[in-house]
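> Below are the structure tokens for one structure; questions will follow.
No lab work stands behind these numbers, since they all come straight from the coordinates. Because the structure is predicted, anything quoted here is derived from the model rather than measured. Glycine also receives a Cβ, built like all others from the backbone with ideal geometry; neighbour counts cover every protein chain displayed.
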Amino acid sequence: MKQFEEAAQAAIASIPEQFEPYLENTVFLIEERSADGLMGLYEGAGALAAGEGLPERITLYKESHEQACRTMGELVEEVRRTILHEVGHHFGMEEEDLPY
């Protein structure tokens, strides 16, 4: 779990600084598994409505990442891709708009 957490922290730290103010109300969580095999999930109102109501949540699912990756390098890259994908949803991007 520690290596997964470190990969997640590195991915969050790699988000460009200019986006940080828009993520102040966003909580990043790690859960062991997803019932439907998701790698990650974004829940919230989005950056345009930030500060309204509950915090936005980005959840990473550890087991899904570990099953999809054979090496630590692959895991680190997949966690980064998932974080960026879910942050894209935070900024209002739809699945077809996201690069990952």
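> Within the stretch 77-100, is there a residue that is in contact with a helix residue (DSSP H, G or I) (Cβ under 6 Å, 6 or more places away or on another chain) and small (Gly, Ala, Ser)? Let's see the steps before the verdict.
Going residue by residue through the stretch 77-100, those that are in contact with a helix residue (DSSP H, G or I) (Cβ under 6 Å, 6 or more places away or on another chain) are 78-80, 83, 90-91, 98, 100.
Now restrict to residues that are small (Gly, Ala, Ser): none.
There is no residue in the stretch 77-100 that is in contact with a helix residue (DSSP H, G or I) (Cβ under 6 Å, 6 or more places away or on another chain) and small (Gly, Ala, Ser).
> Follow-up question, since we're still on this one. Kindly indicate the residue of the stretch 7-46 that is farther than 21 Å from Glu66 by Cα and among the β-branched types (Val, Ile, Thr) and also surrounded by the most Cβ atoms within 10 Å (Cβ to Cβ) among those meeting that condition.
Thr26
> Kindly indicate whether any position in the stretch 29-42 is among the polar types (S, T, N, Q), under 14 Å from Gln3 (Cα atoms) and out of contact with any Gly (no Cβ under 8 Å at 6 or more places or on another chain).
The initial filter retains those residues of the stretch 29-42 that are among the polar types (S, T, N, Q), namely 34.
From what's left, under 14 Å from Gln3 (Cα atoms): none.
No: zero hits.
> While we're here: Filter the stretch 52-76 down to residues that are over 18 Å from Lys2 (Cβ atoms) and surrounded by fewer than 20 Cβ atoms within 10 Å (Cβ to Cβ), then give me how many there are.
Count: 9.
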